[in-house]
Structure formats: C-alpha cells, structure tokens
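Presented below is the structure to which this report refers.
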2 protein chains.
Amino acid sequence: MAEFGQLKPSPRILLGPGPSDVHPRVLLAMANPLLGHLDPQFLEIMNETQELLRQTFRTSNRLTFPVSGTGSAGMETCVVNLIEPGDKMVVCVNGVFGQRMTDVAQRAGAAVTTIEQPWGEVFEPGQIRDVLRKVRPKVLGIVHAETSTGAWQPLEELGKLCHEFDALLLLDTVTSLAGVPVEIDSWAVDAVYSGTQKCLSCPPGLSPVSFSPRAVEAINRRKTKVQSWYLDMTMVQRYWGEERFYHHTAPISMVYALREALGLVHEEGLPARWSRHLRNYQALKAGLAAMGISYAASEGQQLPTLNAVRIPAGVDDATTRKRLLAEFGIEIGGGLGDFKGKVWRIGLMGYGSRPNNVLLFLAALEQCLLAQKAQIELGAGVAAANRAYA
Amino acid sequence: MAEFGQLKPSPRILLGPGPSDVHPRVLLAMANPLLGHLDPQFLEIMNETQELLRQTFRTSNRLTFPVSGTGSAGMETCVVNLIEPGDKMVVCVNGVFGQRMTDVAQRAGAAVTTIEQPWGEVFEPGQIRDVLRKVRPKVLGIVHAETSTGAWQPLEELGKLCHEFDALLLLDTVTSLAGVPVEIDSWAVDAVYSGTQKCLSCPPGLSPVSFSPRAVEAINRRKTKVQSWYLDMTMVQRYWGEERFYHHTAPISMVYALREALGLVHEEGLPARWSRHLRNYQALKAGLAAMGISYAASEGQQLPTLNAVRIPAGVDDATTRKRLLAEFGIEIGGGLGDFKGKVWRIGLMGYGSRPNNVLLFLAALEQCLLAQKAQIELGAGVAAANRAYA
C-alpha cells in the first residue's frame, strides 16, 4: 500500500488564467474551525458575505450569493433557472466560454441561436440588436471577459437593448469581477455569475451569482421544475434568504475564504482596485511590446486581468511554460481551442496584479526566450515596464 | 457602508448531522498556497487523492474521484449520468434523502417508482426483489445511512440482487463512508456518492463518487447528453483521468483538505476506525438509555455515526439545543420532515467520534434537562457511558 506523505506544494506565482494567487489572509481564514451551517454566527457570516458581494457586483439585488460550485456551476445555475425546455436563447460566441454557454443552454432544452465573432474580437450593439429583433429570445447570454482570448466586451448599452426586446441579459463576469468595472444595476444586467479564483484571489470552489427582480419574476413564473435540484434557485434562496431553510450543507470554509477575499476588496475600494489592474496591465504590455510580443485582442478591447498574447515565431510554447514553472515557479496558461499553441495567457488578477509579478515575469521570460535564441533586445522588457510605472 | 471585522468563529463541538469537526491537520492543509489545476504537483495530489478514495471505498473502480460540490451534487451526478429521459428507476424511501433522490431522478426525466418504509426502518431484500421483478428498472437507488433517521441499511445482498434483474445499484454513503464498513466492490455497488463533511472530517464542499465498470458502460451507451454540463462524467473523467483535459477549474484547497483527511483515515486504518465509531456509539447509547432517552431506529439498525433519538416528553427541542450551543458550544441537530420537533440527531463522526465528546455531551445534556425539570437520575448518563467504556 502506497505511503502518503506531508502535503508540501512548491511555492508558485500563479499568473495563468486561474486559479490566481490567494491572499495570505484568505488562506488563513480557511484554517478557522468550522461552525455549523445553521449556527447563528455562520448565518451572520452569510449575511456579511452577501452584503459584500452586492457591493462588489454594484447591485441591490436581494438574490445575490455564492453557488456551491466553481464558475461553471454558476453559469449552469443561471441558465437552468432562467430557461425552460423550448425557450429561445441567444448566445454570443467569441471564445471557449461562449461555446460552453451554448452547450449548457442546449442541455437545458433551450432553442439556441448563436452569433459569432472571431476569437479575440467583441460584439457591437448593432449585431446584438439585429439578433434580438430577429429571434426575440427569452435570454441573451454574453461573456464580459473572455478568458480564452483576453477580449473585453463593452456592456453599457446591452441591458437596455435586451429589455427593449423583452429579453433577459445573462452575463459572465468570471474574469472581470473585482478586476475591471462591473456595474450590474446601472448596466441593467438580469443574471450574472462569477468565480472566486480570478480577481477575488480566493481559491476555486464557489461561484457568486446575482439575479435582478426581473429575473426572479421569470424564475417564479416557471411552469416546470428547474432540471437541477442542486442548483435550483427556488430552493437554494430559502437557505440564503430569511427562512434559513436547509437545502444542502453550505461549504463553510470556502464561505470563510470568500468573505475574507471580499473584505480585502472592500478595504482597497473598487476604483483603486480597477486602477491597480489597469496600471499593471499597461506596464506588462509595454514590457511585452519591447520584446516584440503582441496581444491577441485588438487595441482598446484588451482585458487588464487576462493578457492573451501571441507566442513569438520560433519560440516553443511548452518548452517556455515548463521552464517558467520549473526554474521560476511562475505559471502562465497556454491557449485553448483555436488558440492552442498560438497564445499564452498571462493573468494579472487580484492579489497577483502587482508590479513585482510584472517585473519578475518579464525578466524570467527574457531568460527563457534567450535560451531559445529568440531575437530580443536584452533588458528592453523590464526597462519598458519600469518606464510605464514611472 | 458597513464595516466587516476579523473572522472569529467561536469554538464549537459539532455533534450534529454535519458538518462534523474537522481535524486540525485538515484545517492546516487548506492554508497551503495554491498550485495551478494543471500543475504536475497538483496532478500528483489528484492521483494520491483518488488512490486514497479507492482504498476508503474499498474499490478498484478507475472512475473514482471527488465531484466539485457537496454531497447533494454527488447524488445528482450519479443520477443524471446513469439516467436518460424515460429510463425506469426505483428509489427506496425511508427518510429525507430517499425523498431527495426521488426528486432528483424525476428532474432527470426518470420514470420513478418508489418503495417506502416508515422513518427509522430499513428495507428487506424480499421487498427489493419484488419491486425489481415488477418494475425492471435501469437503476435502483438506496441510502446506506439515512441522516434524517439514523437507520442503517444492510447491503450485502443488494448488488447481486440488482444484477440478477439487470439493474444498477446506486448507493448513498454520505453518513457512512469511513465511519462504518462500506465495501463497494464486494457488495457489487455500481455507483456511489458520499460527502466530505461527515465521517471524513473534512469541510463540506466535495462529494467523492465512484462508478463500477458496469456503470461506466451504461454511461458510454447513452444516446443523449448528460443534462448537466458541470456534472457530466463523460467530460469530467477526462480531467481526472490520464488525459488531464481541462473541464472546470478544480477546487484546489478542498482537494488538499480531502487528501489530508483521507490520509488520516489511511493512518488509522478502516477496521480501527469502524471499531472506534462503534465503541463511542455504544457508550453514548448506554448514557442516553440511563437518562431515559431511546433511539428512533430499531435495535440492530442504528447507525454508530448518526444517533437519532427521541426527545423526552416535557423537554423542549429548541430550548435544549440553544442552551447546548450557547453554554457549551455543542451543536446537535434537530429533526427533519416527519421528525421535526420529535428527535435530536447526534453525530459522532470521524474526528468527532471521541470519548471526550460523548462524556461532555452527556454531562451538558444532563444540565439542560435538569433546568427543564426533566425526571432524570443525576450522574446516571455519564456513569453508564463510563461503564460501557470500561
């Protein structure tokens, strides 16, 4: 029988598409002993977590809480609660997560229409107006921050546009929440999900969701049961609401972690946090540009939180990423789907979005590229980043 | 804007139906910094966790791993992967969790037949043979340890019986795994799920599952997609299997916790662990009997892990549980459904199944009953427990 030793993960700097590095205070929060899931002290922690989540989503939606699963469970929660078999749904696809939403919606019995943009590009309001007019869907789903391409979808007008056509707007904010502005109420978003392991710098395992009163009405008008018992909002909300009616056992330690992570967001303040993410992205971008590395998404549509960049010609994807991990403990992500082998995905999210990480990553990348005899001007990356910070 | 202070949960002794007290080594495991979900070191931790889970389930099933959700997500995983719309399923209902399985199966489109036993009682092989013969279902679902009633279902013959009628046996081991014998291979169980927050003494948030080759074949023969994307074994197994193909981001910290919790099971050894649970149950039972408190389940069918006992006449449920929590930090559970206000549920699970907890609980309960002028012989409970330990 094999022997299992002490858990001793090597130190890492997680600059991939997630999980991102977790703040030490969040790690410590998880080491706290457990309360029961109906303990009055835990109910208070739930209330605080919900209030902090509302602040972070910039919403007053009552139905705002973390689903007991990762970001993809949040996506499924939104879809299966809003959709009944036969309902029409439009999904905007410009990367892996739009594709995933299409799959989830089809499994929920939706009649799905997709509109597409090339990977790395975003959707224009005109395109969305056209499809809304033509299809008249119950729900339109779109990704705010496409983790597979680094594209940053503008959203200001979309909620009103959807409501003009009596559609609900469903938004993926997995890689945007607490990294770039997310304004659920002023953008008139009806259903939104996120993940804890990106810009919240909390371990993966929960998915914050929020539903507008309009979405809650749609859920209350359902004629069929939600196909998932585990993700059924009509039941789960009785536990996260005033009744405190048992549904499933809440993941206590993860809720501790999320509350601490949201507390850190609250202490920093959202505007300061957004500026920090922007500043570190600008420095990284300047450094990469000086090394001849360009972004997959167009200028003005690049996420500060997830930098998808083209792998330079003659440089090997796997060799570089393995060396970054083995020699520097730095993790970055490879490409998914259409972008496999063609792009790297460099996350600067939450606690990970720091000048130290930007500078060290550029320096380490230079060493890796040098070993592969890439044509680069030595020191140019770090120098350019430092000029950007100056 | 409200201020959110330091997280400071009061010390608790969790003797309810779960979550149970988490071993300190498991709490510390969660404070480790994160690895990426495709980091070679994390893949090794996944392998170890799977190997430890197989040992704990006593199975050689390849498809054995923790689902990224709580026990109820494990139930839903088993059902939605085995069932296609229109498939026949029999569910054995003698408490809340059989009822829940019925609801989950109906949402998955199963044609469900239920057989029932009164709460606190178990099913006889004859009953099950009759329904198998009559219905010829694809799947028969049954609960090993009914957390709502404390009833302990015998299982030795059921796997063979199901296979005689070409049915798959689906088993709920949420409150039994690592507390009482669970023998997936020798009982010929085809699909099983459990929870981490009971006898594994790990926080809630993961659900260990295992599928026999026969169950895997049934999944591979499906004509329709699994209705849940998040819980689709045909996809998730590509991440937990050799391919390591990205599906959703694994809950890293919870996997650390589970590995440590399973390591503790491995160190203690299953037979020693089962004996320990039995011994502490016997002492608790002797103590409660001396205080005039009897079990909801029949003699010989009582779970050592979850003691559902009748609230003595004249004693108030809520008053007693509130006092136990406020004065002694002890949490026990109230009754669910038919048993609401009628029974207490006292968990002695994993790390929580200790003589200290038994003795302290009996002493504290005596004080609570005394305050309500219940007719008890002072000191009798603790004395009887100590005689049982002697």
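Shape class of the stretch B:71-171 from the alpha-carbon gyration tensor: oblate, with a/c at 1.5 or above and b/c at least as large as a/b. Placing unit charges on the Cβ atoms only, positive for Lys and Arg and negative for Asp and Glu, gives chain B a dipole magnitude near 340 debye about its Cα centre. Projecting the Cα positions of B:LEU303, B:PHE245, A:PHE123 onto the charge dipole of the protein assembly as shown (unit charges on Cβ atoms of Lys, Arg, Asp and Glu, taken about the Cα centre) puts A:PHE123 furthest along the positive direction.
When the Cα positions of B:VAL265, B:ALA374, B:VAL91 are compared along the charge dipole of chain B, B:ALA374 comes out farthest toward the positive end, with charges on each C-beta of Lys, Arg, Asp and Glu.
Mean residue ellipticity, 222 nm, helices only, the protein assembly as shown: the sum of -39500 (n - 2.57) across DSSP H runs of n ≥ 4, divided by residue count and rounded to 500, is -13000 deg cm²/dmol.
Using the beta-carbon distance between B:ASP316 and B:SER10 and R0 = 25 Å, what value does 1/(1 + (r/R0)^6) give for FRET efficiency, to the nearest 0.05? Each step should come with its number before you reach the end.
Numbers: r = 23 Å, r/R0 = 0.92.
The value I calculate is 0.60.
In terms of overall dimensions, the stretch B:270-390 has a Cα radius of gyration and Dmax of 13.5, 42 angstrom. Please give the Cα centre distance for the stretch B:162-217 versus the stretch A:79-141, rounded to the nearest Å. Taking the Cα centre of each part, the stretch B:162-217 and the stretch A:79-141 sit 38 Å apart. Taking a ≥ b ≥ c as the square roots of the Cα gyration tensor eigenvalues, chain A comes out oblate, since a/c reaches at least 1.5 and a/b does not exceed b/c.
In the protein assembly as shown, the DSSP beta bridges split such that about 50 percent are antiparallel, to the nearest 5. When the convex hull of its Cα atoms is viewed from all sides, the stretch B:186-256 shows a mean projected area of 6.1 nm². So, in Å, what gap is there between the alpha-carbon centers of the stretch A:228-300 and the stretch A:4-77? Between the Cα centre of the stretch A:228-300 and that of the stretch A:4-77, the gap is 9 Å. Scanning chain A for DSSP H helices at least 20 Å long along the axis (C-alpha atoms) with a Kyte-Doolittle mean no lower than -1.0 picks out A:40-57, A:252-268, A:270-290, A:355-371. Can you check what the net charge comes to around A:LEU53, using other residues whose Cβ is under 12 Å from the Cβ of A:LEU53 (Lys, Arg +1; Asp, Glu -1)? Here the charged neighbours net out to +2. Proximity of backbone amide H atoms, modeled 1.01 Å from N, is registered between B:GLU146 and B:ALA151, B:GLN153 at under 5 Å, excluding neighbours fewer than 5 places apart on the same chain. A crude spin-label estimate for the pair A:ASP166 and B:ARG58, with each label 7 Å from Cα along the Cβ direction, gives 6.1 nm. Here the residues A:VAL265, A:VAL22, A:VAL139, ranked from fewest to most Cβ neighbours within 10 Å of their Cβ, fall in the order A:VAL265, A:VAL139, A:VAL22.
Taking every DSSP beta bridge that has both residues in chain B, what percent is antiparallel when rounded to the nearest 5?
Numbers: 19 of 38 bridges.
In chain B, approximately 50 percent of DSSP beta bridges are antiparallel ones.
Output the pairs from A:LYS88/B:LYS225; A:LYS138/B:LYS225; B:LYS88/B:LYS223; B:LYS285/B:LYS340; A:LYS340/B:LYS223 with a Cα-Cα distance over 27 Å in this structure; if there are none, say none. Distance filter (> 27 Å) returns A:LYS340/B:LYS223. Say a paramagnetic label sat at a point 7 Å from the Cα of A:GLN367, along Cα to Cβ; which residues of the stretch A:307-329 have their backbone N under 12 Å from it? Residues A:323-329 qualify, since their backbone N sits under 12 Å from the label point. The Cα atoms of the stretch A:338-390 give a gyration tensor whose axes a ≥ b ≥ c have a/c of 1.5 or more with a/b no greater than b/c, which makes the shape oblate. Taken about its Cα centre, the stretch A:1-96 carries a charge dipole of roughly 320 debye when the Cβ of each Lys and Arg holds +1 and the Cβ of each Asp and Glu holds -1.
Arranged by the count of other C-beta atoms within 10 angstrom, fewest first, what order do A:ARG345, B:ARG214 take? Don't skip to the answer; put the middle values down first.
Numbers: A:ARG345 24, B:ARG214 16.
Ordered from fewest to most neighbouring Cβ atoms within 10 Å, A:ARG345, B:ARG214 come out as B:ARG214, A:ARG345.
Using Cβ point charges alone (K and R +1, D and E -1), the dipole size of the protein assembly as shown about the Cα centre works out to roughly 180 debye. As a proxy for reagent exposure, A:MET235, B:MET291, A:MET101, B:MET75 were ordered by neighbouring Cβ count within 10 angstrom, fewest first; the result is A:MET235, B:MET291, A:MET101, B:MET75.
Each 10 Å bin from zero holds the following percent of Cα-Cα pairs in the stretch A:122-206: 18, 49, 27, 7, 0. Taking 25 °C and 0.890 mPa s as conditions, the protein assembly as shown diffuses translationally at an estimated 91 µm²/s according to Stokes-Einstein applied to its Kirkwood radius (Cα pairs).
We did not get these values from a lab; they are worked out from the coordinates using the rules stated. It should be emphasised that the depicted structure is a prediction, and the values quoted were computed from it without experimental measurement. Backbone-built Cβ (ideal geometry, glycine too); neighbour counts: all protein chains shown.
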